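Asker: Here you go, one structure.
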Amino acid sequence: METPYTSSQTYIDEFDPVDYYRAYYDPEEKAITGEWSEFALKNFHETFTSGGVKGDLLIDFGAGPAIYHLLSACEAFNNIITSDLLEQNRTQLQKWLRNDPDAIDWTKTVKLVCELEVHFICRLVTVQLHLIATSYLDYSGVKISMATPYTSPQTYIDEFGSLDYCKAYYDPKEETYAREWVDFALQNFHEAFTSGGVKGDLLIDFGAGPAIYHLLSACEVFNNIISSDFVENNRAEVEKWLRNDPDAFDWTPIVKMVCELEGNSDIESCKKKEEKLRKTVTKVLKCDALKKNPYDPVEMPQADCIISCLCLEAACKDVESFTNALRNLKALIKPGGHVVIQSVLNCSYYNVGKKRFFCLAITKEELEKAYRDAGYEIVKLKAIPFTEKRSLDLADENGYYSIHARKPCS
């Protein structure tokens, strides 16, 4: 009997990548198609050795959740773009590239390829492929993620260009200006601090970077704001703006955008907004997302709200550490208090000047699970796709998210 054609939507809804691996590639399962694996691996090996196929860029079209067919290719190509229609397959590939503990285990297949290449240094091949499989595309050519090595805290201390960052992403005069992100972030903070009902005495801004834009709505509903960041250069930039130093970054255009959201965009209203924020920010502290007490050795009072923008994905190398960071932040919030965080989805790098920094390529589903596992009640989660056209390669996000959650009262 002829099998009906399987639609794309059926694949999207019903294809299970782990079941697929277990059925066809797991040596522990009886259903393994060993004959196919041997045939495929041998022919790829020959193609990329005696066959002379080599070069700079290879595109892997329709990878499924698999990497076996790239193990020989990574010896002959500098860059590999792997792609698949299904998000669940791309997620499995991302897990393997990040070396997540729950990723599909291709070790035995790697060993087979190493045997074909007459050496058994399997870890070398694995590491090479982790570094070489540099990006993901879906079939429409939309970039999903890029495998960038984790950026160490010391690298941030030594190499993060605070002013370069502000100019690249927040200066409307620059061609790199991230207008879509700015509009999204400002609108959602405005809503959170008006109709969202987030207000109180103390707000902690965690991982501010060198920026103040995300505090412009908050200063209307909080009496005290503590700004904080890990990098000294970033804290220095914030302090420059608070002192109104002549060489501080000019946030005036973005202040005007917030005043427009609030219905008062004249020059006088913008000046009053800046003055109010400068009075409301009472401290600028060092914080570390990876510490159980992120402000150690400072003992912080519990806040009515914590906000953060574009921070945790840069600091946390995997979803587990991201979840732990959320737990650490929860300890800083009063029972019933709020957390409002906005950032990017499926982004694995961002550029500041000539330096590329790691970003955790987290999905919406992983994000929701992380908050629930950390013990929060999610009030509102908004995610939108990235559609902005850029003339320069700044980052590889495919969406933005805004999440408002609460710490349970008991």
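The values are calculated or read from the model by the stated rules, or taken from the named source; none is laboratory data. None of the values given here were measured: they were computed from a predicted structure. Here Cβ is always computed from backbone atoms with ideal geometry, including for glycine, and neighbour counts include all displayed protein chains. Surface accessibility is based on the protein's heavy atoms, side chains included, excluding ligands, DNA and RNA. Shrake-Rupley method; radii C 1.70, N 1.55, O 1.52, S 1.80 Å.
Asker: Is the stretch 47-121 best put as rounded, prolate or oblate by its Cα gyration tensor, with a ≥ b ≥ c the root eigenvalues, rounded for a/c under 1.5, and otherwise prolate when a/b is larger than b/c, oblate when not?
Answerer: Verdict is oblate for the stretch 47-121.
Asker: While we're here: Within a Cβ distance under 11 Å of Val319, other residues only, what is the Lys/Arg minus Asp/Glu net charge?
Answerer: -4
Asker: Connecting C-alpha atoms closer than 10 Å in a GNM of the chain, tell me which of Ser83, Ser269, Ser72 has the biggest fluctuation.
Answerer: Ser269
Asker: In Å², and per residue, what accessible area does the chain have when probed at 1.4 Å with the other protein chains present?
Answerer: Per-residue value: 48 Å².
Asker: Along Cα→Cβ, 7 Å out, is where each label goes; now give me the distance between the ones at Lys111 and Val18 in nm to one decimal.
Answerer: According to this spin-label approximation, the distance is 2.3 nm.
Asker: Let me ask another. Relative to the first principal axis of the alpha-carbon coordinates of the chain, what is the inclination of helix 267-280, with its axis defined by its Cα atoms, in degrees from 0 to 90 and to the nearest 10?
Answerer: 80
Asker: For Ile306, what residues show an amide H to amide H distance below 5 Å, using hydrogens built from the backbone and excluding near sequence neighbours?
Answerer: The answer is Ile204, His338, Val339, Val340.
Asker: Convert each backbone phi in the stretch 150-161 into a coupling constant with the Karplus relation 6.51 cos²θ - 1.76 cosθ + 1.60 (shift: θ = phi - 60°), then list the ³J(HN,Hα) values in order as whole Hz, x for Gly and Pro.
Answerer: 4, 8, 6, x, 5, 5, 4, 4, 7, 10, 6, x
Asker: Mind listing which GluC sites (Glu not before Pro) in the stretch 29-111 are in a DSSP loop and have 13 or fewer other Cβ atoms within 10 Å?
Answerer: Sparse-neighbourhood loop GluC sites (Glu not before Pro): Glu29.
Asker: Is the stretch 260-410 best put as rounded, prolate or oblate by its Cα gyration tensor, with a ≥ b ≥ c the root eigenvalues, rounded for a/c under 1.5, and otherwise prolate when a/b is larger than b/c, oblate when not?
Answerer: Taking the square roots of the gyration eigenvalues as a ≥ b ≥ c, the stretch 260-410 is rounded.
Asker: Net charge near Pro294: determine it from the other residues with C-beta under 10 Å of the C-beta of Pro294, scoring Lys and Arg +1 and Asp and Glu -1.
Answerer: Here the count lands on +1.
Asker: Can you give me the solvent accessible area of Lys272 with a 1.4 Å probe, rounded to the nearest 10 Å²?
Answerer: 120
Asker: Please compute the net charge surrounding Ile333, taking Lys and Arg as +1 and Asp and Glu as -1 over other residues with Cβ under 10 Å from its Cβ.
Answerer: Net charge around Ile333: +3.
Asker: Is the shape of the chain rounded, prolate or oblate, going by the alpha carbon gyration tensor and its root eigenvalues a ≥ b ≥ c, with a/c under 1.5 for rounded and a/b larger than b/c for prolate?
Answerer: It is prolate, given that a/c is not under 1.5 and a/b is the larger ratio.
Asker: Among 186-196, 215-225, how do they line up from the highest to the lowest mean number of other beta-carbon atoms within 10 Å?
Answerer: 215-225, 186-196
Asker: Follow-up. Which order do Thr155, Thr107 take when ranked by solvent-accessible area (1.4 Å probe, heavy atoms of all protein chains), largest first?
Answerer: Highest to lowest solvent-accessible surface, that is Thr107, Thr155.
Asker: Taking Cα pairs under 8 Å and at least six residues apart, what relative contact order does the chain come out at, in percent?
Answerer: 13
Asker: Could you work out [θ]222 nm for the chain from helices alone, using -39500 (n - 2.57) per DSSP H run of at least four and dividing by all its residues? Round to the nearest 500 deg cm²/dmol.
Answerer: -11000 deg cm²/dmol, from helical runs alone.
Asker: Do any GluC sites (Glu not before Pro) in the stretch 264-365 lie in a DSSP loop with no more than 10 other beta carbon atoms within 10 Å, and if so, which?
Answerer: In loop regions of the stretch 264-365 (DSSP not H, G, I, E or B), the sparsely surrounded GluC sites (Glu not before Pro) are Glu299.
Asker: Output the 0 to 90 degree angle, nearest 10, between the alpha-carbon long axis of helix 364-373 and the longest principal axis computed from the alpha carbons of the chain.
Answerer: 70
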